[in-house]
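Heads up: the structure comes next, in structure tokens.
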Amino acid sequence: MAQLNVNPTRMELTRLKKSLSTALRGHKLLKDKRDELMRQFLDIVRENKVLREKVEKQIAEANQYFAVAGSLMKREVLSSALLMPKQGVDLNVGTKNIMSVDIPTFNVKTKTNSKNDIFSYGYVNTSGDMDTAISILSETLDDMLKLAEYEKSAQLLASEIEKTRRRVNALEYVMIPNYEDTIRYISMSLTKAKEATRQGY
């Protein structure tokens, strides 16, 4: 490793020893942060995988019911039935802090008290399969938002893990060895100077 370009004096030696001590403490804290971020990231990825499979299954099921409804109903009737939604939702976006990373949180509030208040059409000309498809999609909404929350959180945590990893590596493989080499060089220089003085050179 390259040593720092400094004068080999006692004052410089003391300063470098303090800097090394600070770097070692910082290295430990950053390693602990990286490990905790990795643990949180892996937890979110596991939950994300389970939820994604559930959401994909629900959407596939809803699509099957829509396909059946489309084969039983006229296209114009199907389109007009879905033209004016009855239920509305408000999405509140907040943040939660994990190891200095602000990750999003999503909360949904429906405009009417009943979440089942979702059918804007009469039942005479429509198929029961369409009712089932809409009910499934309505139930899936919370899971889809939770999935979006997990995926964005995983993306932000992965970015922070990469930044922290680079800092840990910079300290471990560059700064700390440089400080140690320079301290060793100054210590040897001071010892030689002391020895030379003692021998009267």
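The values are calculated or read from the model by the stated rules, or taken from the named source; none is laboratory data. Note that the coordinates shown come from a computational prediction; the quantities given were computed from them, not determined experimentally. Glycine also receives a Cβ, built like all others from the backbone with ideal geometry; neighbour counts cover every protein chain displayed. For the accessible areas, the whole protein counts, side chains as well, though only heavy atoms, and no ligand, DNA or RNA atoms are used. Shrake-Rupley method; radii C 1.70, N 1.55, O 1.52, S 1.80 Å.
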task: Answer yes if at least one residue in region 48-60 is within 34 Å of the chain's Cα centre (by Cα) and under 18 Å from Arg165 (Cβ atoms), and no otherwise.
output: no
query: Pairs under 6 Å by beta carbon, first residue in contact (Cβ under 8 Å) with a residue 24 or more places away in the chain in region 25-36, partner not in a helix (DSSP H, G or I), six or more apart or different chains?
result: Lys33/Met99; Glu36/Met99
Some residue of region 26-42 being under 23 Å from Thr182 (Cα atoms), open to solvent by 80 Å² or more (accessible area, probe 1.4 Å), more than 17 Å from the chain's Cα centre (by Cα) and of a type in the set (A, V, I, L, M, F, W, C): no
- request: For region 72-81, state whether one or more residues are within 30 Å of Glu160 (Cβ to Cβ) and in contact (Cβ under 8 Å) with a residue 12 or more places away in the chain.
  value: no
- prompt: Which one of these does Leu83 not meet: (1) modelled with pLDDT of 80 or more; (2) among the aliphatic types (A, V, I, L, M); (3) open to solvent by 50 Å² or more (accessible area, probe 1.4 Å); (4) out of contact with any Pro (no Cβ under 9 Å at 6 or more places or on another chain)?
  reply: (1)
message: Can you say whether Glu160 is open to solvent by less than 60 Å² (accessible area, probe 1.4 Å), in contact with a Pro (Cβ under 8 Å, 6 or more places away or on another chain) and either at pLDDT 85 or above or assigned to a loop (DSSP other than H, G, I, E, B) (or both), as far as the supplied structure shows?
response: no
task: Go over the candidates Thr110, Thr191, Thr95, Thr126 one by one and state the one that is modelled with pLDDT under 85, of a type outside the set (Lys, Arg) and either surrounded by fewer than 17 Cβ atoms within 10 Å (Cβ to Cβ) or on the phi > 0 side of the Ramachandran plot (or both).
output: Thr110
message: Against the definition (within 37 Å of the chain's Cα centre (by Cα) and either of a type in the set (Gly, Ala, Ser) or modelled with pLDDT of 80 or more (or both)), how does Ala170 come out, yes or no?
response: yes
